[in-house]
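Okay, structure first, notes after.
The values are calculated or read from the model by the stated rules, or taken from the named source; none is laboratory data. Just so it is clear, the structure is predicted and the values come from calculations on it, not from any experiment. With ideal geometry, Cβ positions are generated from the backbone for all residues, glycine too; neighbour counts draw on all protein chains shown.
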Amino acid sequence: MGPLQGVKIIDLTTVLMGPYATQMLGDYGADVIKIETLDGDVTRQIGPTRHPGMGPVFLNTNRSKRSICLDLKKEAGREALLRLVASSDVLVYNVRPQAMERLRLGYDVVAKINPRLIYAGVFGFGQDGPYAAKPAYDDLIQGATALPALMAQTGDGIPRYVPNALVDRIVGLTAVGAIVASLVHRDRTGRGQRVDIPMFETMAGFVMGDHMGGLTYEPPLDKGGYARHLSPDRRPYKTSDGFVCVIVYNDKQWESFFKATGRDDLRRDPKFATFAGRAVNIDTVYAELARIFETRTTAEWTDLLTKADVPVMPMHDLESILHDPHLVATGFFPVIDHPSEGAIRSMKVSARFSETTAEPVRLAPKLGEQSEEILAEAGFSRDEIASMVRDGVTKTAARG
């Protein structure tokens, strides 16, 4: 019984941003009904697979959901969706609003059917600006919000994208908060509402919250940028046999570091002695740390700094993180048995609630696995469902 038990969500999203948000809502207990085309979400095809249509990106972004296929371009498919909407709490989509209007599924249409509905759009740009109708993808928004420029500034001068769908996941998380806030408002007032979560504006605030700097002021005091984040030596430190992740941040940690390393000379140096001095000379400070860390092994530094209570962590790769002792102890990567895919490695829900559970209620579904079940719940008869299958309005998963 998760905290969102009893909340019914129509999930019209594909790829990553929307599915990541709706998976989290499903993990929290909501009944998430994933509406797929007859070809399915494209992420079903990404990555190595044991069976077609069940790739790892899909498996890790669509648990806690039920799948139904509907061709929304056919009137019978659209009508079936509207019947589902009538008894739902939330509809989430991540196509451009103009596409929803073309499908005759805009807010004005669905709100007449269900005035209590939360109609949540997760798409590229706010609808009151010149980019309103532009398409958007993670890479494009990373570039438009200065992330590659910042990467170039801290590296070899070549702009690069962050090797992670950072935008999709951050905006997805923002959507979860906006949807839950809208549900609270609905419960207080009885009224649903449209809520837009634009990628560009969300990420502009996310990045510039760190890097606005002197651009905060009018006239500007500098060209912006958080100096510590942009220091070229803010990186995992090379040791004599590998790398280690360390941050020596506050005065107490620096005092412990000076003592542990016997560097009284740095304690007396005004560039290192105070928070203000380190902030002004951050490039010098980090460069000196880089030299110091090359003098011992990773294991020696980890032991020394752990005993000194200086923050230190290993630099994992994609395989070693699976064996991190903390994540092993907490069971974060359980190996579970998927009904069609066999043994797969999953990930636990990170949030913990004292009064309710929050865990996957089901594993990622095959395409159309629950089509018949969901349509029957909406009042369609067995003959009507069979007719919809024959007409290509829906399809069901292959048995076995």
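Overview of values
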| quantity | calculated |
| --- | --- |
| Answer from Thr61, Thr22 - the residue that is over 19 Å from Ala376 (Cβ atoms), touching a Lys or Arg at 6+ places or on another chain (Cβ under 8 Å) and crowded, with 17+ Cβ neighbours inside 10 Å | Thr22 |
| Residue match in the stretch 108-131 (condition: in contact with a His (Cβ under 9 Å, 6 or more places away or on another chain) and in a helix (DSSP H, G or I)) | no |
| Residue in the stretch 78-99 that is over 18 Å from the mean Cα position of the chain (by Cα), more than 23 Å from Ala378 (Cα to Cα) and outside the structural domain of Phe123 (by TED's automatic domain parsing) present | no |
| Number of positions in the stretch 301-325 that are in a helix (DSSP H, G or I) and closer than 22 Å to Ile344 by Cβ | 4 |
| Unmet requirement for Lys74, which otherwise passes all of (1) of a type in the set (Lys, Arg); (2) surrounded by 15 or more Cβ atoms within 10 Å (Cβ to Cβ); (3) within 28 Å of Lys223 (Cβ to Cβ) | (3) |
| Output for the stretch 254-313, where each listed residue is among the hydroxyl-bearing types (Ser, Thr, Tyr) and surrounded by 13 or more Cβ atoms within 10 Å (Cβ to Cβ) | Ser256, Thr261, Thr284, Tyr286, Thr297, Thr298, Thr302 |
| Some residue of the stretch 165-184 being in a loop (DSSP other than H, G, I, E, B), touching a residue at least 12 places away in the same chain (Cβ under 8 Å) and more than 18 Å from the chain's Cα centre (by Cα) | no |
| Count of the stretch 3-28 residues which are charged (D, E, K, R) and part of a helix (DSSP H, G or I) | 1 |
| Among the candidates Thr216, Thr274, residue that is β-branched (Val, Ile, Thr), out of contact with any helix residue (DSSP H, G or I) (no Cβ under 6 Å at 6 or more places or on another chain), modelled with pLDDT of 95 or more and assigned by TED's automatic domain parsing to the domain that holds Asp309 | Thr274 |
| Matching residues in the stretch 222-242 - criterion: being in contact (Cβ under 8 Å) with a residue 40 or more places away in the chain and either loosely packed, with under 14 Cβ neighbours inside 10 Å or farther than 16 Å from Met313 by Cβ (or both) | Gly225, Ala227, Arg228, His229, Leu230, Ser231, Pro232, Asp233, Ser240, Asp241 |
| Residues (of a type outside the set (Lys, Arg) and loosely packed, with under 15 Cβ neighbours inside 10 Å) located in the stretch 333-348 | Pro334, Val335, Ile336, Asp337, Pro339, Gly342, Ala343, Met347 |
